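Undergrad: Please read through the structure below; I'll follow up with questions.
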Amino acid sequence: MAFTSHIFLFYFLPALLLLYALVPRRWLAARNVLLLAAGYIFYAWVDWRFAVLLFATTAVNYMLSRLIAAIKAQRVCLLLTAFAVATDLAVLGFFKYAAFVEENLNRILLLAGWDELPVLKILLPVGISFYTFKIIGYVVDVYRGRPPARSLLDFACYVSFFPQLLSGPIQRYGAVDPKSEPVPTFADQLAAREHTLDKFSQGAALFMLGFAKKILLANALAQVADAVFAAASPGTLDAWFGALAYSFQLYFDFSAYSEMAIGIGLMLGFECPRNFDAPYRAESFTSFWRCWHISLSGWLRDYLYIPLGGNRAGTVRTYANLMIVFLLCGLWHGAGWTFIVWGAWHGLWLVVE
């Protein structure tokens, strides 16, 4: 269910806001239950099996996080954390990358003169990359000493929070990104949050801004980019025009969804971190990644780059860590060699800088 669909705009969102307003403010737990139900209805609208997978992943990680918090033995906690992260990545890898691996394996088999393997027809659950990273960040934070969720309800509400479910931002549960726009933790907002007319008005305005950006700018630029990309042999100027149109389409599309998500969150009383800050005005690749998909770059820094050693192990190791992070960043964006090359390109320029 896209934010721009008529079902969402004229039925789902108005009905949810009305029901949410009818629940007394002092019954915050009831409002959280309503948000949980809304998240699963929103997600199951595409395919009910996606909602089953979401709940199973949520329940397993919640139980593991409680064990990690309760057990005092450091080695056992580390093993449980590694098991949880490996399981989450395995689920993500199966749904998102199994077909990509099989296709490349079949090419190798053909070159060797062997028979191809049958390619699995796997339906990719929408948003799985986003909620998997949210869950992994939560489990690692619990291992690092952050308190776990008070209940399965709280954790499930966090994972299935529908404004962020499909395209982020990747908000953390019990921690905040110290280098991003300061907002209360999601855990604190589940326990207590303000519902004011001013906050609702800001959210509605931000949602409308994002909606207009998506419909009037991103969709219009998509027509230009699609026409050039579909051309059999575009000229040099046409190719550059199409590439620039796609670049702005991508920005307007993604930032629009982030703004709509943040706007819906505000209408429900939640503050979400900012995800874009004029990235095309950046003067370097380093500053670009401080302004583009801020929640993802912060996540990669804190849960991948720094654990790899960051810039603490010498120059060569720093360069290697940057390349590893951005190769995986490219792969996270999509299962294809073009995404891997894109990640390597950005990693290379960060190393050069």
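The values are calculated or read from the model by the stated rules, or taken from the named source; none is laboratory data. Not measured: the values here are computed from a predicted model. When we count neighbours, we look across all protein chains shown, and the Cβ atoms used for this are built from the backbone with ideal geometry, even at glycine. Just the protein is used for accessible areas: all its heavy atoms, side chains included, with ligands, DNA and RNA removed. Shrake-Rupley method; radii C 1.70, N 1.55, O 1.52, S 1.80 Å.
Undergrad: Pick from Leu105, Leu166, Leu110: which is open to solvent by 10 Å² or more (accessible area, probe 1.4 Å), of a type in the set (A, V, I, L, M) and within 20 Å of His293 (Cα to Cα)?
TA: When all the criteria are applied, what remains is Leu166.
Undergrad: Considering each of Tyr40, Tyr11, Tyr20 in turn, give the residue that is assigned to a helix (DSSP H, G or I), of a type in the set (Ser, Thr, Tyr), open to solvent by 60 Å² or more (accessible area, probe 1.4 Å) and closer than 24 Å to Gly263 by Cβ.
TA: Answer to the check: Tyr11.
Undergrad: Residues that are farther than 18 Å from Gly137 by Cα: find the helices (runs of 4 or more DSSP H) completely inside region 265-353 holding 2 or more of those.
TA: 285-291, 315-333, 337-352
Undergrad: Can you find even one residue in region 317-338 that is touching a Pro at 6+ places or on another chain (Cβ under 6 Å) and within 27 Å of Thr185 (Cα to Cα)?
TA: No: zero hits.
Undergrad: Same structure, new question: Give all pairs with beta carbons closer than 9 Å in which a residue from region 105-134 that is at positive phi meets a residue that is surrounded by 11 or more Cβ atoms within 10 Å (Cβ to Cβ) and not polar (S, T, N, Q); count only pairs at least 6 apart in sequence or on separate chains.
TA: Going by the 9 Å Cβ cut-off, the qualifying pairs are Gly127/Tyr43; Gly127/Phe50; Gly127/Leu54; Gly127/Leu165; Gly127/Leu166; Gly127/Gly168.
Undergrad: Among the residues that make up region 199-213, is at least one of them open to solvent by 40 Å² or more (accessible area, probe 1.4 Å), modelled with pLDDT of 95 or more, in a helix (DSSP H, G or I) and not hydrophobic (A, V, I, L, M, F, W, C)?
TA: So far as region 199-213 goes, yes, one or more of its residues are open to solvent by 40 Å² or more (accessible area, probe 1.4 Å), modelled with pLDDT of 95 or more, in a helix (DSSP H, G or I) and not hydrophobic (A, V, I, L, M, F, W, C).
Undergrad: Give me the pairs, please: first residue somewhere in region 3-23 and in contact (Cβ under 8 Å) with a residue 40 or more places away in the chain and within 19 Å of Leu166 (Cβ to Cβ), second residue anywhere and assigned to a helix (DSSP H, G or I) and basic (Lys, Arg), beta-carbon distance under 6 Å, and either six or more positions apart or on two chains.
TA: Thr4/Lys214
Undergrad: Would it be correct to say that Lys121 is exposed (fewer than 12 other Cβ atoms within 10 Å of the Cβ) and either under 25 Å from Leu165 (Cα atoms) or of a type in the set (Ser, Thr, Tyr) (or both)?
TA: It is true that Lys121 is exposed (fewer than 12 other Cβ atoms within 10 Å of the Cβ) and either under 25 Å from Leu165 (Cα atoms) or of a type in the set (Ser, Thr, Tyr) (or both).
Undergrad: Another question, if that's okay. Could you list, in sequence order, all residues of region 143-200 that are without any contact (Cβ under 8 Å) to a residue 60 or more places away in the chain and of a type in the set (Gly, Ala, Ser)?
TA: Within region 143-200, Gly145, Ser151, Gly174, Ala175, Ala187 meet the criteria.
Undergrad: Open to solvent by less than 30 Å² (accessible area, probe 1.4 Å) and hydrophobic (A, V, I, L, M, F, W, C): which single residue out of Leu350, Leu304, Leu250, Leu308 fits that description?
TA: So the residue among Leu350, Leu304, Leu250, Leu308 that is open to solvent by less than 30 Å² (accessible area, probe 1.4 Å) and hydrophobic (A, V, I, L, M, F, W, C) is Leu350.
Undergrad: Restricting to region 253-287, and then to whatever is in contact with a Phe, Trp or Tyr (Cβ under 8 Å, 6 or more places away or on another chain) and more than 29 Å from Ala38 (Cβ to Cβ), can you tell me which residue is surrounded by the fewest Cβ atoms within 10 Å (Cβ to Cβ)?
TA: Checking each candidate, the answer is Tyr280.
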